[in-house]
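Readers should treat all values here as calculations from the given coordinates under stated rules, not as data from a laboratory. The structure presented is a predicted model; accordingly, all values stated were derived computationally and were not measured. All Cβ positions, even for glycine, are placed from backbone atoms using ideal geometry, and neighbour counts span all protein chains on display.
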C-alpha cells in the first residue's frame, strides 16, 4: 500500500474519532444540565406578632424583713443569758421559748430592796394607822404612809413583772415569725432593754433591689420578682426608690413587697421592672440573619423566600422587636434562615 493511501486512512480515522468525541461531549453536557437541581432549602417558620412591647430592666436583690413587721425581744432586766434556744433563720411559733436568762447580781439586789421597801411601807402604814385611830397622828401623816406603801408596791410589781423574783426566766415569742437576728450568746451579761432576738413576720417580707441611679425606675412601676433558685414569679410594684446611693455598690435601694408570698429571708431574687411600653412587632431572635448586608429576615410565601431588611428594637429573651416593611402575621424563616438567598425556593418542614 502506498504512502498516500496510508495518510488518507489515518486522516479518515482521526475525523471519525473527532465526530464521536463531539457527540459524546454534547450528550454528557446535556445529561449534566438535566441533572442540575434547582436550589431548595428546608426551613421552619414563625409568624411576626403585633403586640405591646415592654421595656424591661432586670435588677437583682434580696428578700428582707419588713421593718413594719419586725419585733425585738429585749432583756426585761439586767441579766445573765443562761441558754439561747433558737438560731437565725428559724421559724418559731407564738409562745415558743427563745432565751433563758438568770438574774444578774444587780437585778437580784434591786428586787430584794423593792421587796424590803414594800414590807417596811406596809408596817409603817399599820403603825401610822394605829396612831391616827388614837388621834396621835395627823391626816397628812396617814396619807403619806398610804402613798409610801403604794409607791413601794408599784416598784415591787415592776420588779416582779420583769421576772426579778425568778431565779431562771424564759423569754417567749409574742407571736409566730422568723428569727432574723440573735444578739446574745450563752453566758453573756446583758443590760436591761438590750436586744436579744429579732423576729419578723414571714408574710410581710419585701425585696430590696439595687438600681442604677439613672432615674428610669419609679414608684408604682410593675415588677415581676423571680427567685434565683427557682419558684413561681411574683407580681408586685415598686413601693419605694431611695435617693441616697450605697457607698459600696453605688446603687440605689428600691423596695417591692412580696404581696403575701413567702420566700426565705436573705434569698436572692431577680426583678424585671417594666419602665415603658409601646406597640410593636416581635419575631423569634433566630429568624434575624446578620451578615455584611445588614440584619434581615426572610419572609416565606408561595414557596419562595424574600429578604426584608429590618432594624432591631427591644430584646425579650428568645424574641426580639423588629422594625421593617413586614405585615402582621407574615411567616418568617427560623431554622435554616442562614442558608437562604433572596428568591430561593423553600420547603417548610412538616408541610
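Where does helix 139-161 land angle-wise versus the long Cα axis of the chain, in degrees 0 to 90, nearest 10?
30
Between residue 278 and residue 161, take the C-beta separation as r, use R0 = 56 Å, and let me know the FRET efficiency to the nearest 0.05.
FRET efficiency, residue 278 to residue 161: 0.30.
Starting from the Cα of residue 168, step 7 Å toward the Cβ, then list every residue of the stretch 80-109 with an amide N under 16 Å from that point.
Once the point is set 7 Å along Cα→Cβ of residue 168, 80-86, 97-104 turn out to lie under 16 Å by backbone N, inside the stretch 80-109.
For the Cα atoms of the chain, what angle does the longest principal axis make with the long axis of helix 105-133, in degrees from 0 to 90, nearest 10?
40
Using the Kirkwood formula on the Cα atoms of the chain, what hydrodynamic radius do you get, in angstrom to one decimal?
Answer for the chain: a Kirkwood hydrodynamic radius of 29.6 Å.
Relative to the longest principal axis of the C-alpha atoms of the chain, give the angle of the C-alpha long axis of helix 3-35, reported between 0 and 90° and rounded to the nearest 10°.
With rounding to tens, the tilt is 30 degrees.
For a footprinting-style exposure proxy, rank 168, 312, 149, 225 by other Cβ within 10 Å, fewest first.
168, 312, 149, 225
Going by how many other beta carbons lie within 10 Å of each one, how would you line up 111, 132, 60, fewest first?
By the 10 Å Cβ count, ascending: 60, 132, 111.
Between 199, 314, 258, find the one with the highest GNM mean-square fluctuation for the chain; connect C-alpha pairs within less than 10 Å.
314
Run the helix sum for the chain: -39,500 (n - 2.57) per DSSP H stretch of 4+ residues, divided by residue count, reported at 222 nm to the nearest 500 deg cm²/dmol.
Theoretical 222 nm ellipticity from helices: -8500 deg cm²/dmol.
With 10 angstrom as the radius, rank 265, 101, 238 by how many other C-beta atoms surround their C-beta, starting from the fewest.
Lowest count first: 265, 238, 101.
Taking the chain as a Gaussian network, where each spring joins two C-alpha atoms under 10 Å apart, which residue of 259, 214, 186 fluctuates the most?
214
Assuming a ≥ b ≥ c are the square roots of the Cα gyration tensor eigenvalues, decide whether the stretch 68-200 counts as rounded (a/c under 1.5), prolate (otherwise, with a/b larger than b/c) or oblate.
Prolate, because a/c is 1.5 or more and a/b exceeds b/c.
Report the FRET efficiency, 1/(1 + (r/R0)^6), for residue 249 and residue 135, where r is their Cβ-Cβ distance and R0 is 56 Å, rounded to 0.05.
0.10
Please check: in the Gaussian network model of the chain (C-alpha springs, under 10 Å), which one of 248, 91, 275 has the largest mean-square fluctuation.
So, out of 248, 91, 275, the one fluctuating most is 248.
Taking 0.36 nm per residue of separation and subtracting the Cα-Cα distance, what length does fully extending residue 143 through residue 292 add?
Full extension of this stretch gives 43.3 nm more.
Over the chain, what relative contact order in percent results from Cα pairs under 8 Å that are six or more residues apart?
Relative contact order, the chain: 26 percent.
Note the full-extension length gain between residue 222 and residue 285 as 0.36 nm times their separation in residues minus their Cα-Cα distance, in nm to one decimal.
20.2 nm is the gain from fully extending residue 222 to residue 285.
Between residue 338 and residue 50, what length in nm is gained on full extension when 0.36 nm per residue of separation is reduced by their alpha carbon distance?
101.3 nm
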